[in-house]
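Scroll down for the structure; my scribbles are underneath it.
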Amino acid sequence: MTLIKSISGIRGTIGGKVGNNLTPVDAVKFASAYGTWLKGQEPKIKSDAPRKFKVVVGRDARISGPMIHNLVVNTLIGLGIDVIDLGLSTTPTVEIAVPLENADGGIILTASHNPKQWNALKLLNEKGEFLNGIEGVKILQIAEAEAFDFSDVDSLGEITQNDAYMDIHIDEVLNLPLVDIKAVKAAKFKVVVDGVNSSGGIIIPKLLELMGVEVVKLYCEPNGHFPHNPEPLKEHLTDISLLVVQEKAHLGVVVDPDVDRLAFICEDGEMFGEEYTLVACADYVLSKTPGSTVSNMSSSRALRDVTLTHNGTYEASAVGEVNVVDLMKKNHAIIGGEGNGGIIYPESHYGRDSLVGVALFLTHLANKKMTVSALRASYPEYYMSKNKIELTPQIDVDAILVAMTEKYKNEDITTIDGVKIDFAQNWVHLRKSNTEPIIRIYTEAASQQLADELALRIIDEIKTVAGI
């Protein structure tokens, strides 16, 4: 059982002891820290009346969601902060709701791709974007010091229920200039949707139906009982792969519990490739609006290659959505994201959004008039191997990274986020996870065998260095 405190929020497993897991006490403590930090900022709406702050709160369909949700909302109320309660929602829906509500911040209660025993508080600023490192550290310091000052009975916050935002979110996506509903309707697509029994099971089918798509639902009941590991990787998606073929569907759509990661299944049941979600969407956007792109250092080189074919420029950031967004703003990128299926399209908002990804991808597919497998085959062939080593107190990750940097000092090395070693034909990225007690080893090469062999070689070298 684990509790992980980071600049992006607090994440942990339900139950257990205070301080070691995400218990009710820990949920209240970190909600208090966020609210206290928020009250130290300038309110978004200024008036002669007493300072009043407003926060948007939403959750995914996890079993622990209602419990954590009630704790967090009432903690904010106790701090004198008004709450716009979206109830069951998605991460990108909360992100777009914050500026639309002129709120001062937002909290999403979700552990994203983690299994059902996990939950988390993901924290947003007044733009509906994730907090930066300085802000996150300040909140952790407030939590550690328990420097909270709650409001008196006449100054408590108020709750406003608003369950309309998933529909508002859908409308916002359908109104994007590059989303061509007419073309998608004309294509008469049939799509299987795996919503992993969370909020994606509501919002993705509704979006597709409004685009004229025939939808076959799989695991779309938002009861929080995940039917498989919710991370949208090939080994977890055998059911939808079989159903796409059985239903003679054009493709399958898979999202994680909070709907910020997106994967596609080809018509033959094969994975389109989570890394290629962003590649395909960027290909379409760049064909209409040339410009620059950004992804993180653990993402495929294919985005770079596609960007160059459109005479654009590409740059990689450190891993983490906030780092991708920062570099996108700096470079005025027109699209970006992460190779885990996260699409960030500033025309909508600066956050990973599977709804935007689905709408852009289907428009692209309709315009191309080809199968999903043919579209995938049109992109550069790269294969990734994503591995991890469980961390123990005996493993010194920093020492491992230093040793690997020294070993490959004659190669092209980047150390802004762990260690990335760029070889001529492949690369490896080693980094300590911000959300789980593991070290990640990502490799990419021209074939799966080469990527796997590189990963195994690096893992053996790490184990030798670590003495395990």
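Quickly run through region 93-146 and pick out the residues that are crowded, with 22+ Cβ neighbours inside 10 Å, assigned to a helix (DSSP H, G or I) and either aliphatic (A, V, I, L, M) or in contact with a Ser or Thr (Cβ under 7 Å, 6 or more places away or on another chain) (or both). Answer for region 93-146, where residues must be crowded, with 22+ Cβ neighbours inside 10 Å, assigned to a helix (DSSP H, G or I) and either aliphatic (A, V, I, L, M) or in contact with a Ser or Thr (Cβ under 7 Å, 6 or more places away or on another chain) (or both): Val94, Ile96, Ala97, Val98, Ile139. Considering region 268-291, the residues that are at pLDDT below 95 and assigned to a helix (DSSP H, G or I) include one that is surrounded by the most Cβ atoms within 10 Å (Cβ to Cβ), namely Glu275. When region 330-358 is filtered for residues that are under 20 Å from Pro99 (Cα atoms) and in a helix (DSSP H, G or I), the ones remaining, listed by number, are Ser354, Leu355, Val356. Quick check: anything in region 203-223 assigned by TED's automatic domain parsing to the domain that holds Glu274, among the charged types (D, E, K, R) and touching a residue at least 60 places away in the same chain (Cβ under 8 Å)? No. Inclusion of Gly15 among residues that are on the phi > 0 side of the Ramachandran plot, surrounded by fewer than 18 Cβ atoms within 10 Å (Cβ to Cβ) and either among the charged types (D, E, K, R) or modelled with pLDDT under 95 (or both) is warranted.
Taking every residue in region 442-464 that is closer than 24 Å to Met271 by Cβ and pairing it with any residue that is among the charged types (D, E, K, R) and modelled with pLDDT of 95 or more, at least 6 positions away or on another chain, the pairs with Cβ-Cβ distances below 7 Å are Ala451/Glu444. Checked against (1) in contact (Cβ under 8 Å) with a residue 60 or more places away in the chain; (2) over 17 Å from Glu42 (Cβ atoms); (3) not in a strand (DSSP E or B), His69 passes all but condition (1). A residue that is touching a residue at least 12 places away in the same chain (Cβ under 8 Å), within 26 Å of Glu95 (Cβ to Cβ) and either in contact with a Lys or Arg (Cβ under 9 Å, 6 or more places away or on another chain) or of a type in the set (A, V, I, L, M, F, W, C) (or both) can be found somewhere in region 363-383.
The single condition among (1) among the aliphatic types (A, V, I, L, M); (2) more than 18 Å from Pro92 (Cβ to Cβ); (3) surrounded by fewer than 21 Cβ atoms within 10 Å (Cβ to Cβ); (4) in contact with a Leu (Cβ under 7 Å, 6 or more places away or on another chain) that Ile240 does not satisfy is (3).
Matching residues to (1) assigned to a strand (DSSP E or B); (2) buried (at least 19 other Cβ atoms within 10 Å of the Cβ); (3) of a type outside the set (S, T, N, Q):
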| position | (1), (2), (3) |
| --- | --- |
| Leu362 | no, yes, yes |
| Ser373 | no, no, no |
| Glu406 | no, no, yes |
| Ile413 | yes, no, yes |
| Lys420 | yes, yes, yes |
| Val428 | yes, yes, yes |
| Thr443 | yes, yes, no |
| Leu450 | no, no, yes |
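Mind listing just one residue for me: the one in region 294-329 that is part of a helix (DSSP H, G or I) and among the polar types (S, T, N, Q) and, of those, surrounded by the fewest Cβ atoms within 10 Å (Cβ to Cβ)? Among those that are part of a helix (DSSP H, G or I) and among the polar types (S, T, N, Q), it is Thr309. Among the candidates Ala377, Ala403, the residue that is small (Gly, Ala, Ser) and touching a helix residue (DSSP H, G or I) at 6+ places or on another chain (Cβ under 9 Å) is uniquely Ala403.
The values are calculated or read from the model by the stated rules, or taken from the named source; none is laboratory data. Remember, it's a predicted structure, so these values are computed and weren't measured experimentally. For neighbour counting, all protein chains shown are included, and Cβ atoms are generated from backbone atoms with ideal geometry for every residue, glycine included.
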